[in-house]
Amino acid sequence: PSGKCETERKGNAPVNTGPSPNSDGRTNDTAEEADEHARGSGPDCLDVVGGETICPPKDESEIKAWKKRDALARSIILRSLDDFHHAFIRSCKTSKEMMNCIVKIKEQVTVSSKLLVLSDFHAYTWKPGMNIASFIAGLNVIVNKMQSLQIELDDEIIIGKVIRCLPSDFDSFRQSWRLSAPKTVTLSDWTSQLLSCESDQLCRFMHAVSIGEALVGRRTTSKEPNENSKKRNTECWNCKKKGHIR
């Protein structure tokens with residue numbers, strides 16, 4: 001054996017297993033150290049990003065120090081964004097401009113999300129095949145999305161939404177609730193009452209079905225005509241009249 005690796009024996013360039021240099025000549029280890037330094041110095045840049053500390057007007061040393069902190073803040077922001085947000089901040093000159101741009105994008109997305117989830121809430125309706133549990137479960141998904149966007153809903157609003165969407169089978173429950181609704185009620189207590197009403201309806205339906213099946217089982221499958229009916233329906237061959245011959 002020559003002591004050389006396989007790639008060198010075949011004439012290929014030696015494989016460099018050490019740190020690879022970046023475009024500016026630094027190794028990856030140096031870049032990682034810079035990242036760690038940036039992350040560790042992040043809180044020291046908050047006043048620059050927030051605009052509390054502006055660039056000094058005269059002192060060269062202070063200007064240089066401020067620009068260094070601003071560059072560090074911009075580096076941290078750039079490393080934290082995806083390609084979508086990068087497209088909006090490329091023209092920003094300072095870290096404060098970057099942060100203001102990101103906040104504006106976030107506010108626009110939040111407004112659009114709020115409008116979308118509000119539309120989902122108002123468009124949600126009772127569909128065939130649903131029961132109380134499945135309907136409220138679907139509504140809770142929308143309500144949870146609204147709460148994540150800081151849209152708070154009172155229990156009364158959710159109860160009113162459910163009452164408006166109930167099918168005609170619950171007309172009696174809807175009417176009794178409107179006539180005797182208490183001043184304060186929690187959504188969980190009201191849902192329990194609604195589930196009890198649905199259970200009672202199901203019991204009545206099953207009882208009616210069992211009675212109907214019993215009545216159908218007692219009916220005769222065929223009925224023979226009596227003598228009088230045969231007599232009435234037979235036509236006389238002589239006078240061509242019915243009712244007196246069989």
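The values are calculated or read from the model by the stated rules, or taken from the named source; none is laboratory data. Because the structure is a prediction, the values reported are computed rather than measured. Cβ atoms come from the backbone with ideal geometry, glycine included; neighbour counts cover every protein chain shown.
Before moving on, here are some points about what is shown:
- Residue list for the stretch 152-185, filter: modelled with pLDDT of 85 or more, assigned to a loop (DSSP other than H, G, I, E, B) and surrounded by 10 or more Cβ atoms within 10 Å (Cβ to Cβ): 153, 166, 167
- Residue 61 surrounded by 15 or more Cβ atoms within 10 Å (Cβ to Cβ) and either modelled with pLDDT under 85 or assigned by TED's automatic domain parsing to the domain that holds residue 165 (or both): no
- Any hit, the stretch 123-134, residues being assigned to a helix (DSSP H, G or I), buried (at least 17 other Cβ atoms within 10 Å of the Cβ) and in contact with a Ser or Thr (Cβ under 9 Å, 6 or more places away or on another chain): yes
- Condition met for residue 114 (at pLDDT below 85, out of contact with any strand residue (DSSP E or B) (no Cβ under 6 Å at 6 or more places or on another chain) and assigned to a helix (DSSP H, G or I)): no
- Flag for residue 207 being at pLDDT below 75, assigned to a loop (DSSP other than H, G, I, E, B) and surrounded by 10 or more Cβ atoms within 10 Å (Cβ to Cβ): no
- If you go through the stretch 60-103 and pick out every residue that is outside any helix (DSSP H, G or I) and within 33 Å of the chain's Cα centre (by Cα), you end up with 3.
- Scanning the stretch 186-204 for residues that are of a type in the set (Val, Ile, Thr) and either in contact with an Asp or Glu (Cβ under 9 Å, 6 or more places away or on another chain) or modelled with pLDDT under 75 (or both) returns a single hit, 186.
- Selection status of residue 156, outside the structural domain of residue 48 (by TED's automatic domain parsing), at negative phi and free of Cβ contacts under 8 Å to residues at least 60 places away in the same chain: yes
- Within the stretch 73-112, the set of residues being among the hydrophobic types (A, V, I, L, M, F, W, C), farther than 15 Å from residue 49 by Cα and exposed (fewer than 11 other Cβ atoms within 10 Å of the Cβ) comprises 84, 87, 109.
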